[in-house]
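Please treat every number below as a calculation from the coordinates, not as lab data. Note that this is a predicted model, so its numbers are computed, not measured. Note that we place each Cβ from the backbone using ideal geometry, even for glycine, and neighbour counts take in every protein chain shown.
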Amino acid sequence: MAVMQSFDITSGCDLQEVDNAVNQALKEIHQRYDFKGLKVSIDYRREEAKIVLRAPDDFKIKSMWEILQQKMIRRQVPLRNLKLEPIAHAGGGTVLQEISLQQGIPSETARAIVKFIKGLRLKRVQSEIQADQVRVSSPSRDELQNVIRLLREQDFGVELKFGNYRSL
């Protein structure tokens, strides 16, 4: 019997790197001249996997988002896993914007990945959804590497990570 090889497809943000990026962005915002004397804040809610930007107007929110994006890119946090909510008016003449951090592969995206892999019509490759990840298995490592290459060429709306290689 052939030895089965497998790997997992996951998605997510390193929450410690997000925290570091938020702290760096706050530090830069508080030093910038155009933000002096304004009530602005970036609230990172780790347990909810959410970031809340709060500022006096839409323009300042967009500036804060640009600074935060730069810090996230430097920290290698995938921006594709950040979901921006529309800017909403809050009390006290301020506006806020919530940013959700995508942890794990959403079920509809996981189904799309499995459908894509089945559509490749590779004889010995099997894929299955396991909670918020997808496991791909095959007796051939070459087939698995081919699947990874083809998945990287596709756009599923989230940053895909490939890991947990095993021989079963």
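Its residue count N fixes a reference of 2.2 N^0.38 Å for the range 50-99, and the Cα radius of gyration divided by that reference is 1.16. Within the chain, the longest segment free of exposed loop sites, counting GluC sites (Glu not before Pro) that fall outside DSSP classes H, G, I, E and B and have at most 11 other Cβ atoms within 10 Å, spans 49-168. Just to be sure I understand: with springs between alpha-carbon atoms less than 10 Å apart, which residue in V18, V147, V158 has the highest mean-square fluctuation in the Gaussian network model of the chain? Of V18, V147, V158, the most mobile in the Gaussian network model is V147.
Rg over Rh of the range 15-101, using C-alpha atoms and the Kirkwood radius, what does it come to?
Details: Rg = 12.1 Å, Rh = 12.9 Å.
The Rg/Rh ratio comes out at 0.94.
Only lysines eight or more places from K39 in sequence, or on another chain, were considered; those with a Cα closer than 28 Å are K27, K50, K60, K62, K71, K83. Net charge in the neighbourhood of P56 (other residues with Cβ under 14 Å of its Cβ; Lys, Arg +1, Asp, Glu -1) is +2. Couplings 3J(HN,Hα) of the range 124-131, computed from phi: 9, 9, 10, 9, 8, 8, 10, 6 Hz, in residue order, whole Hz [Karplus 6.51 cos²θ - 1.76 cosθ + 1.60, θ = phi - 60°; x for Gly and Pro].
What lysines does K123 reach when the alpha-carbon gap must be under 30 Å and sequence neighbours fewer than 8 apart in one chain are set aside? Of all the lysines, those that pass the test against K123 - Cα under 30 Å, at least 8 places apart if same chain - are K115, K161.
The charge dipole of the chain, taken about its Cα centre with unit charges on the Cβ of Lys, Arg, Asp and Glu (plus for the first two, minus for the last two), comes to roughly 400 debye. I need the fraction of alpha carbon pairs in the range 1-64 separated by more than 20 Å, rounded to a whole percent. Percentage above 20 Å: 44.
Ranking V95, L38, S140 by Cα position along the charge dipole of the range 12-168, where only Lys, Arg, Asp and Glu carry charges on their C-beta atoms, puts S140 farthest toward the positive end. The equivalent ellipsoid that matches the C-alpha gyration tensor of the chain spans semi-axes of 41, 15, 12 angstrom, in descending order. The residue list Q69, L79, L120 was ranked by how far each Cα lies along the charge dipole of the range 13-168 toward its positive end, using unit charges on Cβ atoms, and L120 comes out on top. May I ask for the distance between the Cα centers of the range 95-127 and the range 1-78, given as a whole number of Å? When both Cα centres are located, 23 Å separates them.
Here the Karplus relation 6.51 cos²θ - 1.76 cosθ + 1.60, evaluated at θ = phi - 60°, turns the backbone of the range 74-90 into coupling constants of 4, 8, 6, 8, x, 5, 5, 8, 9, 10, 7, 8, x, 5, 10, 7, 10 Hz, with x for every Gly and Pro. Residues whose amide H lies under 5 Å from that of C13, counting only those 5 or more places away or on a different chain, are G104; hydrogens are built 1.01 Å from N in the peptide plane.
Among R124, R80, R111, the largest mean-square fluctuation in a Gaussian network model of the chain (Cα springs under 10 Å) belongs to R124.
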